[in-house]
1. Evaluate the Debye formula for the range 133-273 with equal point scatterers sitting on the alpha carbons, no solvent, and hand back log10 of I(q)/I(0) at q = 0.11, 0.12 Å⁻¹, in q order, two decimals.
2. Can you list which of the chymotrypsin sites (Phe, Trp or Tyr not before Pro) found in the range 198-273 are DSSP loop residues with at most 16 other C-beta atoms within 10 Å?
3. Filter the chymotrypsin sites (Phe, Trp or Tyr not before Pro) in the range 31-78 down to the DSSP loop ones having no more than 14 other Cβ atoms within 10 Å, then list what survives.
4. How much of the DSSP beta bridge set in the chain is antiparallel, as a percent to the nearest 5?
5. Exactly which trypsin sites (Lys or Arg not before Pro) in the range 120-172 are in a DSSP loop and have at most 11 other Cβ atoms within 10 Å?
6. Full extension from L217 to Y154: what is 0.36 nm times the residue separation minus their Cα-Cα distance, to one decimal in nm?
7. Please work out the ratio of the alpha-carbon Rg of the range 73-128 to 2.2 N^0.38 Å and round it to two decimals.
8. Give the residue from S70, L234, N213 lying farthest towards the positive end of the charge dipole for the chain; charges sit on Cβ (+1 for Lys and Arg, -1 for Asp and Glu) and the dipole is referred to the Cα centre.
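Derivation of every value follows stated rules applied to the coordinates shown; laboratory data play no part. This one's a predicted model, so the numbers in the text were calculated from it and none came from an experiment. When we count neighbours, we look across all protein chains shown, and the Cβ atoms used for this are built from the backbone with ideal geometry, even at glycine.
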Amino acid sequence: MKRLFSIIVIAVVFFPIVGSGQAKKDIVHFYEKADSVCQYPNLTMQLTIYCQQKVDNLYVTFIRYKYQKSIFIGAITKQPIIDPNKEISRTVVFDEVRPTLGKTATWGYIFDRNNDGRIDYMALVGGAAAVKDEKLADDYPTRGKKPTLKQLQYFVGHCKLIFNHWADDNYDGKIDAVVHIDMDPVRDWVERKIIAYSAKFDGKFDNVWAFRNDNFLEHENIKHTLSAIPYYPLGDTLSNITNTLLIEKSPYLQLFNRAAAQCGAGNNYFRAE
């Protein structure tokens, strides 16, 4: 009986019921659904371009599965995309043993969570890297040191495309929440992911925690302030997640929505589940 009560309490704390009884679609509740799209792409279905618009000297391309309505990929490039099946790689591509993104690096999975015809959630590809699991040995070589053949095979087997998730949770056209990768400080492996947002939408990070692998509800505390969260970006030294980082991603969202309007993509055109 106590266990049942504990489960109910956890459910209420993390998945509050609102309005009509439907779970909210903020970044906390939507992330796992969006991440499953990123991690488990359907590679058997052909991609096709729904619409491509030139906006501010950039090409915005909306992509969907052939013979289906829902648009679920958006790309922003300097040159037009001709064949998304060749130019958008939804799995990691290797240059010998170095993981890469393939031909196009500026794309992501896009969502319209409230079905109003405007994109409000982006899972943008952030790079390609190996992702840690519990089996990674403590003696795995640090950055710059040569791994053994067995260690190299282990590294290659754990490489994935990695995505940072950006959400407009109050639907005002600006990014106000993020789930961002955090790298191992001494190895080129993804250590964990950090979620950060403001409950009051005032730019102050009053909700921050980290999680590893798929354990989204297993919170890991992070030392941070209301304005800065230390993290290690891919291929860079220690930096901070700040409100400026979120502001810098808002133009991507706005560019997508300007192109969507020009394409005539209205309600129920963009994937919401």
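1. Values returned for q = 0.11, 0.12 Å⁻¹ are -0.53, -0.62.
2. Working: sites: F201, F205, W209, F211, F216, Y231, Y252, F256, Y269, F270; in loops: F201, F205, F216, Y269.
Answer by residue number: F201.
3. Details: sites: Y31, Y50, Y59, F62, Y65, Y67, F72; in loops: Y67.
In loop regions of the range 31-78 (DSSP not H, G, I, E or B), the sparsely surrounded chymotrypsin sites (Phe, Trp or Tyr not before Pro) are Y67.
4. Details: 54 of 57 bridges.
Taking every DSSP beta bridge with both residues in the chain, the antiparallel ones total about 95 percent.
5. Numbers: sites: K132, K135, R143, K145, K150, K160; in loops: K132, K135, R143, K145.
Qualifying residues, ordered by number: K135, R143, K145.
6. Details: separation 63, 0.36 × 63 = 22.68 nm, distance 2.72 nm.
Taking L217 through Y154 to full extension adds about 20.0 nm, to one decimal.
7. Details: Rg = 13.1 Å, N = 56, 2.2 N^0.38 = 10.2 Å.
The value comes to 1.29.
8. Of the listed residues, the answer is S70.
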